[in-house]
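Everything below concerns the one structure shown next.
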Amino acid sequence: MIYEVTVAAKVRKVELTRSESGWLCKLDGRELPLDVVTTRIGVLSLLLDGKSYEIKQERTAGETNIVVGNHRFNAVVRDPRSLRSRRESEAGAQGPRKITAPMPGKVVRILAAVGDAVEAGQPVLVIEAMKMQNELKSPKKGVLKKLNVTPGAAVEAGQALAEVE
């Protein structure tokens, strides 16, 4: 299986092959010794180069995050052979895209102003939820057209906070 994985605006090619002893993993063509066990739904225990990691997947309104220890990363996984993935990537390249709140919280900071040019993956605003601050990033390269919130505003999960065109 070959996937395109985007984390922190970096696109990586990940090739996974099942073997007798588990999984073989190639990251951008480089083979990695990897041992993976599913400990519960949405949680993996990963042994990589002799180091152990617990990887959690969080799915919220239109966004997938991967949590490794205390670090949260927005992640997009695409199967380039999938018709659905090709359509989503083509649709995402054109037209306005909304930045939505992944969970209820409070807007702490606004990092870009209406009219600013933004890059894909660039932080646009920060919300605080459950005493953790989460950067919400631009889904594409473009211009910040709308900002629907102000610092201190309470937001609901799935609420449109900004729009990039």
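Considering region 5-30, and only residues there that are of a type in the set (S, T, N, Q) and over 16 Å from the mean Cα position of the chain (by Cα), the residue that is modelled with the lowest pLDDT turns out to be SER21. Scanning region 99-110 for residues that are under 18 Å from the mean Cα position of the chain (by Cα), of a type outside the set (A, V, I, L, M) and part of a strand (DSSP E or B) turns up just one, THR100.
For (1) under 24 Å from ILE2 (Cβ atoms); (2) hydrophobic (A, V, I, L, M, F, W, C), each residue gets a yes or a no:
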position	(1), (2)
ILE41	no, yes
SER45	yes, no
GLU54	no, no
GLU63	yes, no
VAL68	yes, yes
HIS71	no, no
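Before we move on, is ASN65 modelled with pLDDT of 90 or more, of a type outside the set (Lys, Arg) and surrounded by 13 or more Cβ atoms within 10 Å (Cβ to Cβ)? When the stated conditions are applied, ASN65 does not pass them. Would region 97-114 turn up any residue that is of a type outside the set (A, V, I, L, M), modelled with pLDDT under 90 and surrounded by fewer than 12 Cβ atoms within 10 Å (Cβ to Cβ)? Within region 97-114 (the criterion being of a type outside the set (A, V, I, L, M), modelled with pLDDT under 90 and surrounded by fewer than 12 Cβ atoms within 10 Å (Cβ to Cβ)), the answer is no, since none of the residues qualifies.
The values are calculated or read from the model by the stated rules, or taken from the named source; none is laboratory data. All values derive from a computational prediction rather than experimental measurement. No Cβ is skipped: glycine too gets one built from the backbone with ideal geometry, and neighbour counts run over all protein chains shown.
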